[in-house]
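The values are calculated or read from the model by the stated rules, or taken from the named source; none is laboratory data. Owing to the predicted nature of the structure, the values given are computational and were not obtained by experimental measurement. In this analysis, Cβ positions are derived from the backbone assuming ideal geometry, glycine residues included, and neighbour counts consider all displayed protein chains.
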Amino acid sequence: MKVLFIGGTGVISSACARLAAERGIDLYLLNRGASKRDVPESAKILNADIRDKAAVQKALGDQKFETVVDWTAFAPAHIETDIELFRGRTNQYIFISSASAYQTPPLNLPVTESTPLANPFWQYSRDKIACEERLMKAYREEQFPVTIVRPSHTYDQTMLPLKGRYTAIDRMRKGKKVIVHGDGTSLWTLTHHRDFAKGFVGLLGNSRTIGEAFQITSDEWLTWNQIFELAARAAGTTARIAHIPSDVIAKYDAEWGAELFGDKAHSMIFDNTKIKRIVPDFAATIPFSRGIQEIIGWFDADPARQIVDEQLDQLMDKIITDWESVF
């Protein structure tokens with residue numbers, strides 16, 4: 001099976017590329033060759049910037065693919081280019097959307113693929129919704145063979161799923177308080193990228209997925225308090241938590257506020273029945289308690305990776321000091 005990944009070296013796509021290659025898929029990666037992540041030895045590299053349509057056409061030549069996956073499309077304009085480039089060139093086009101596109105806050109849990117798409121808080125999510133709508137229009141009007149995949153919060157060893165990334169670990173190791181939005185009891189879903197890959201690779205070339213959307217997540221649900229406590233334990237310390245309301249955080253940092261209200265401030269848990277029906281061997285088996293050990297090990301292996309965002313660090317100090325002076 002001949003498959004093209006546009007990208008293929010990101011947090012999620014790198015694990016999918018490795019697993020696809022291990023399973024004997026004839027894998028091509030179209031990218032600029034700028035990533036520091038390794039690519040499978042068997043993968044064929046096509047060097048071009050997907051935003052340069054002429055360069056991509058030259059790199060592709062007259063090749064056709066069973067499946068094309070775009071890991072880098074974030075706006076409707078990107079989709080228009082992809083439709084033009086791959087119309088008649090593939091039997092399946094997979095768009096990587098986002099679970100943040102779902103109704104926020106959700107009226108019903110767990111979230112399924114039929115949950116409405118509506119996120120009034122976060123532009124990133126609204127753009128993903130617009131991409132999905134354009135692709136489904138192409139599917140209905142011209143049978144463009146789209147499959148939509150909605151990851152939620154997916155991580156690898158380099159991706160610490162805390163605001164400020166290593167900044168939060170540095171604060172905890174120094175005995176400083178860390179900010180957890182609300183009371184820390186909202187539920188969240190974290191998925192290791194190797195687990196995601198097991199569900200995703202099973203979709204490649206599967207004709208039953210055309211015109212359908214799939215979410216792929218872990219079945220482990222954690223509160224944000226638990227997430228910070230597990231991170232602290234892996235880092236050999238404890239978490240001194242300062243609970244700050246999301247609307248208060250937003251007054252200090254609008255972008256942080258949009259990220260919270262558009263995504264993380266609300267409980268988000270998922271029903272993975274659909275992906276398990278299509279890919280029966282899919283099972284997420286890496287709990288965050290093990291995943292966070294990989295993450296801390298990666299950061300501790302090289303001090304150069306332990307980057308502290310000084311501006312964010314100071315902002316966190318101010319938010320906590322201001323809040324605790326009143327309450």
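Numbers for the structure displayed
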| read-out | value |
| --- | --- |
| Any hit, region 134-147, residues being surrounded by fewer than 17 Cβ atoms within 10 Å (Cβ to Cβ) and in a loop (DSSP other than H, G, I, E, B) | yes |
| Number of positions in region 59-111 that are small (Gly, Ala, Ser) and within 23 Å of residue 206 (Cα to Cα) | 5 |
| Positions within region 20-46 being touching a residue at least 60 places away in the same chain (Cβ under 8 Å) and buried (at least 20 other Cβ atoms within 10 Å of the Cβ), in sequence order | 20, 25 |
| Region 89-129, residues that are over 21 Å from residue 191 (Cβ atoms), among the polar types (S, T, N, Q) and part of a helix (DSSP H, G or I) | 123 |
| Unique match (being closer than 20 Å to residue 12 by Cα and either crowded, with 21+ Cβ neighbours inside 10 Å or touching a residue at least 24 places away in the same chain (Cβ under 8 Å) (or both)) among 222, 162, 230, 187 | 162 |
| Residue among 289, 267 that alone is in contact (Cβ under 8 Å) with a residue 60 or more places away in the chain, touching a Leu at 6+ places or on another chain (Cβ under 6 Å) and surrounded by 13 or more Cβ atoms within 10 Å (Cβ to Cβ) | 267 |
| Residue tally, condition in contact (Cβ under 8 Å) with a residue 24 or more places away in the chain, exposed (fewer than 14 other Cβ atoms within 10 Å of the Cβ) and part of a helix (DSSP H, G or I), over region 296-315 | 2 |
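Let's see how each residue does on (1) out of contact with any helix residue (DSSP H, G or I) (no Cβ under 7 Å at 6 or more places or on another chain); (2) farther than 17 Å from residue 236 by Cα; (3) in contact (Cβ under 8 Å) with a residue 60 or more places away in the chain; (4) in the same structural domain as residue 294 (by TED's automatic domain parsing):
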site	(1), (2), (3), (4)
175	yes, no, yes, yes
182	no, yes, yes, yes
194	no, yes, yes, no
199	no, yes, yes, no
